[in-house]
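Trainee: Below is a structure I'd like to ask you about.
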Amino acid sequence: MKNQFNMCPMCGSKKIEWRNDRKWLCPDCGFDLYCNIAAAVGIVLYDDAQNVLFEVRAKDPRKGFLCLPGGFVDAKESTEDAIVRECREELGATLSEQEVSYLCSFPNIYEYKNIEYKTCDIFFAARLPASYKDMNDFVKTLHRQEREVVRFEVHRVATAEDVESLPLAFPSAKNTLLKWVNAPRHCEERSDVAIHN
């Protein structure tokens, strides 16, 4: 659904127009409102066997589908700060921004309460530390944010076919994982991520 204004929020004119797929313009008072992109973050948290941590979404949009841990970037927050905060809130896991590596970014559309938010989803990656036997061992230590996460799931993501088989909520996560499987060991030169619960 395209976002619509029925009237100018400044002067009340009903002549407000959507221009160039980027802003609303009122020809009567000159008011213009740009539809800027919202920033969001996600993380590919993986172990040496290429098992990746997923969340089952607890709310719409795409309730019941898989997503990577993450969320929207708050005002006055860097993307690195945002992914650290989201991991703390959704997983109950503490990591620092030095412990994640930038992976890629993709555009996305997030529809919420009949409004489309165009986003730029920025993805990071982190390898599970050797102190955990595997991703399932790590999941046992997590504390989910109940209003956001139904449960955690672990899936092996080693091929494009693995990615295609996942019921992912958003195309940006799919595109990220397809890119990741082509270079799955990009973080191995870094020291292990020190994730604490």
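What follows is calculated from the coordinates using simple rules that are stated; it is not laboratory data. In this text, all values refer to a predicted model and were calculated from it rather than measured experimentally. Methodologically, a virtual Cβ is constructed for each residue, glycine included, from the backbone with ideal geometry; neighbour enumeration extends over all protein chains shown.
Trainee: Not counting the cut sites, what is the longest span of the chain without GluC sites (Glu not before Pro) that DSSP labels loop and that have at most 15 other Cβ atoms within 10 Å?
Mentor: In the chain, the maximal stretch lacking such sites is 1-76.
Trainee: Oh, and also: Which one, 91, 126, 18, projects farthest toward the positive side of the charge dipole computed for the chain from Cβ point charges (K/R +1, D/E -1)?
Mentor: Value: 18.
Trainee: Here is a further query. Taking R0 as 45 Å, what's the FRET efficiency between residue 104 and residue 141 from their Cβ-Cβ distance, rounded to 0.05?
Mentor: 0.95
Trainee: Then there's this: Simple spin-label model, 7 Å along Cα-to-Cβ: residue 94 to residue 81 in nm?
Mentor: 1.9 nm
Trainee: Can you give the calculated 222 nm mean residue ellipticity of the chain, where each DSSP H run of n ≥ 4 adds -39,500 (n - 2.57) and the sum is split over every residue, rounded to the nearest 500 deg cm²/dmol?
Mentor: -5000 deg cm²/dmol
Trainee: Taking the Kirkwood radius as the inverse of the mean 1/r across Cα pairs, report the Rg/Rh of the chain.
Mentor: We get a ratio of 1.06 for the chain.
Trainee: Using only Cα atoms, find the angle between the long axis of helix 171-181 and the longest principal axis of the chain, and express it within 0 to 90 degrees, rounded to the nearest 10.
Mentor: Between the helix axis and the principal axis of the chain, the angle is about 30 degrees.
Trainee: Same structure again: Can you compute the modelled spin-label distance between residue 74 and residue 19, with each label point 7 Å from Cα toward Cβ, in nm?
Mentor: Using points 7 Å along Cα→Cβ, the separation is 3.6 nm.
Trainee: For residue 7 and residue 150, FRET efficiency with R0 = 45 Å and r from the beta-carbon atoms, rounded to 0.05?
Mentor: 0.65
Trainee: Still on this model: Taking H as built 1.01 Å from N, whose amide H comes closer than 5 Å to the amide H of residue 119, not counting residues under 5 places away?
Mentor: For residue 119, whose amide H was placed from the backbone, the distant partners under 5 Å are 38, 108, 109, 110.
Trainee: Based on DSSP, what percent of beta bridges with both residues in the chain are antiparallel, to the nearest 5?
Mentor: In the chain, approximately 75 percent of DSSP beta bridges are antiparallel ones.
Trainee: In whole percent, what relative contact order does the chain give with Cα contacts below 8 Å and a gap of six or more residues?
Mentor: 25 percent
Trainee: Enumerate the calculated ³J(HN,Hα) couplings along segment 46-53 in order (Karplus 6.51 cos²θ - 1.76 cosθ + 1.60, θ = phi - 60°), each rounded to whole Hz, writing x wherever the residue is Gly or Pro.
Mentor: 9, 10, 5, 8, 6, 7, 10, 7
Trainee: What Kirkwood Rh does segment 14-123 have if only Cα atoms enter the pairwise 1/r average? Answer in Å.
Mentor: One decimal place: 16.1 Å for the Kirkwood radius.
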